[in-house]
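Beneath this line is the structure, given in structure tokens, with notes to follow.
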Amino acid sequence: MDRENSKNLTRVLVAVLLVLLCILLYTYFVVLESGGGIVSTTKKKVGKIEFLFGIYGPGRGEYPEFNMPMSVDTDKDNNIYITDSGHNRVCVFDNNGEFLFEFGEKGVAHPIPGDKANWKPGTFSYPYGIAIDDETGNIFVADMVNERIQVFDYGGRFLDWFPKEPYGGTASNIFPTDIAVKNGKVYVCSSYQVVIFTTGGKYVTDFGMPGTGVGQLNRPNGIDVGEDGTIYVADSNNLRLQAFTERGKVKWVVGKPTAVGAGIEREKDRVFGLPRNVAVGPDGNIYVADAFHFQIKVFSPEGKQLAAMGKRGIGDGEFNFNNGISITNDGIIYIVDKQPGRVQAIRFSGFWMEDSLEDSLEDN
């Protein structure tokens with residue numbers, strides 16, 4: 001009996017040691033390697049996609065992992081800024097995925113009946129879009145449920161918020177999803193329109209209205225601005241990408257709203273499953289995160305589709321409800337997977353052009 005007990009004790013000790021060894025290996029190769037961030041760093045290729053690394057959270061503090069990250073942007077030093085919407089914060093990493101700092105916590109400006117407002121500068125209620133001003137390094141965050149844009153310096157210190165009162169456009173307030181900053185202006189996707197402010201928060205103009213007609217919008221969730229001033233908007237619930245002039249005149253449209261009762265059998269006829277965030281690349285092309293096709297779609301500045309990259313999955317180089325997207329000047333693409341809650345750094349090794357585009361759609 002004593003010998004049997006000794007064997008059992010030995011098995012338990014071995015099991016405990018193995019568990020401790022696994023924890024130490026994980027800590028050394030994943031957590032410590034990234035300065036505390038939870039990072040996958042095994043480079044690989046998935047079709048035409050080159051996976052560089054993936055970030056799953058800061059790896060420390062009260063919330064070591066992301067909870068529904070929504071958007072991403074980079075600064076001129078290629079630091080990575082991520083809205084961790086479920087945790088009401090912004091997390092910042094360097095270009096290797098090493099955690100730098102975070103800022104923000106829960107704060108509600110418009111509570112439900114019976115509750116009290118507890119918003120204070122620098123707190124969020126589901127922060128969504130994020131954009132970095134290349135000229136100043138300031139961080140602009142779309143504080144969606146609080147119906148405002150908040151501005152922070154490069155270290156995450158609160159500077160200002162806007163609009164503080166009805167801005168005089170076609171609506172009295174904003175419900176911001178995505179934002180872009182370009183040449184001293186802030187471009188905001190609201191419920192059914194685009195609103196433009198100066199970086200100081202002064203209202204400039206707005207365009208758009210509810211509907212399915214050309215130029216009308218239905219819950220746009222992505223916006224970016226080209227070098228020539230063209231405004232590209234992911235008209236999400238209308239399943240299309242629209243290009244506008246600064247005055248709101250439509251230049252072109254790709255995709256179209258789905259007719260009521262069209263059914264799932266027409267899915268392959270659609271350009272988009274659900275277009276979300278938009279980024280203009282250094283090549284001038286427009287990159288769209290298509291959440292329901294689990295792909296990145298690429299279009300020329302004239303609206304011609306050039307590529308459709310990606311397939312569904314939670315492995316490295318695969319997409320699962322991809323929402324946010326940002327592209328650096330050296331061609332690194334950061335893509336946010338809302339689930340399982342990560343940001344992937346990838347490159348495209350080539351495009352599927354014209355004659356092979358249909359095949360690439362079928363393969364993915």
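The values are calculated or read from the model by the stated rules, or taken from the named source; none is laboratory data. What you are looking at is a predicted structure, and each value in this text was computed from that prediction instead of being measured. Every residue, glycine as well, gets a Cβ built from its backbone with ideal geometry; the counts of neighbours run over all protein chains shown. Quick note on the areas: whole protein, heavy atoms, side chains included, nothing else; ligands and nucleic acids left out. Shrake-Rupley method; radii C 1.70, N 1.55, O 1.52, S 1.80 Å.
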Is at least one residue of the stretch 49-57 at pLDDT 95 or above, among the hydrophobic types (A, V, I, L, M, F, W, C), open to solvent by 30 Å² or more (accessible area, probe 1.4 Å) and in contact with an Asp or Glu (Cβ under 8 Å, 6 or more places away or on another chain)? no
Please go through the stretch 308-342 and pick out each residue that is under 25 Å from Asp75 (Cβ atoms) and aromatic (Phe, Trp, Tyr). Phe319, Tyr334
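Of all residues in the stretch 199-238 being out of contact with any Phe, Trp or Tyr (no Cβ under 9 Å at 6 or more places or on another chain) and open to solvent by 10 Å² or more (accessible area, probe 1.4 Å), which is nearest to Phe162 (Cα to Cα)? Lay out the reasoning, then the answer.
Of all residues in the stretch 199-238, those out of contact with any Phe, Trp or Tyr (no Cβ under 9 Å at 6 or more places or on another chain) come to 205, 212-214, 227-229, 235, 237-238.
Narrowing further to those that are open to solvent by 10 Å² or more (accessible area, probe 1.4 Å): 205, 212-214, 227-229, 237.
Numbers: Thr205: 15, Thr212: 29, Gly213: 30, Val214: 29, Glu227: 25, Asp228: 26, Gly229: 23, Asn237: 26 Å.
Ranking the qualifying residues of the stretch 199-238, first place goes to Thr205.
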For Ala180, the lone unmet condition from (1) at pLDDT below 95; (2) of a type in the set (Gly, Ala, Ser); (3) at negative phi is (1)
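Consider Glu318 carefully, then state whether it is modelled with pLDDT of 95 or more and closer than 16 Å to Gly341 by Cα.
Values: modelled with pLDDT of 95 or more: yes; closer than 16 Å to Gly341 by Cα: yes.
The answer is yes for Glu318.
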Restricting to the stretch 34-48, name every residue that is open to solvent by 20 Å² or more (accessible area, probe 1.4 Å) and either of a type in the set (Val, Ile, Thr) or in contact (Cβ under 8 Å) with a residue 60 or more places away in the chain (or both). Gly35, Ile38, Ser40, Thr41, Thr42, Lys44, Lys45, Val46, Gly47, Lys48
Which of (1) at pLDDT 95 or above; (2) over 14 Å from Val90 (Cα atoms); (3) aliphatic (A, V, I, L, M) does Ile139 not meet, given it meets every other one? (2)
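Those residues that are among the hydrophobic types (A, V, I, L, M, F, W, C) and open to solvent by less than 20 Å² (accessible area, probe 1.4 Å), I need them from the stretch 104-142; list them, please.
The first filter runs over the stretch 104-142 and keeps only residues among the hydrophobic types (A, V, I, L, M, F, W, C), leaving 108-109, 112, 117, 119, 124, 130-132, 139-142.
Phe124, Ile130, Ala131, Ile132, Ile139, Phe140, Val141, Ala142 - these are the residues of the stretch 104-142 that are among the hydrophobic types (A, V, I, L, M, F, W, C) and open to solvent by less than 20 Å² (accessible area, probe 1.4 Å).
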Within the stretch 128-154, work out how many residues are closer than 17 Å to Glu105 by Cβ, among the aromatic types (Phe, Trp, Tyr) and within 18 Å of the chain's Cα centre (by Cα). 1
Restricting attention to the stretch 95-125, which residues are of a type in the set (Asp, Glu) and without any contact (Cβ under 8 Å) to a residue 40 or more places away in the chain? Glu105, Asp115
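Just to be sure I understand, how many residues within the stretch 132-148 are aliphatic (A, V, I, L, M) and closer than 15 Å to Ser85 by Cβ?
Of the residues in that region, 4 qualify.
Residue-wise test of (1) at pLDDT 95 or above; (2) in a loop (DSSP other than H, G, I, E, B); (3) under 24 Å from Gly122 (Cβ atoms); (4) under 20 Å from the mean Cα position of the chain (by Cα).
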{"site": "Gly156", "(1), (2), (3), (4)": "yes, yes, yes, yes"}
{"site": "Trp161", "(1), (2), (3), (4)": "yes, no, yes, no"}
{"site": "Ala171", "(1), (2), (3), (4)": "no, yes, no, no"}
{"site": "Val195", "(1), (2), (3), (4)": "yes, no, yes, yes"}
{"site": "Gly200", "(1), (2), (3), (4)": "yes, yes, yes, no"}
I need a count of the residues in the stretch 239-262 that are open to solvent by less than 20 Å² (accessible area, probe 1.4 Å) and modelled with pLDDT under 95. 1
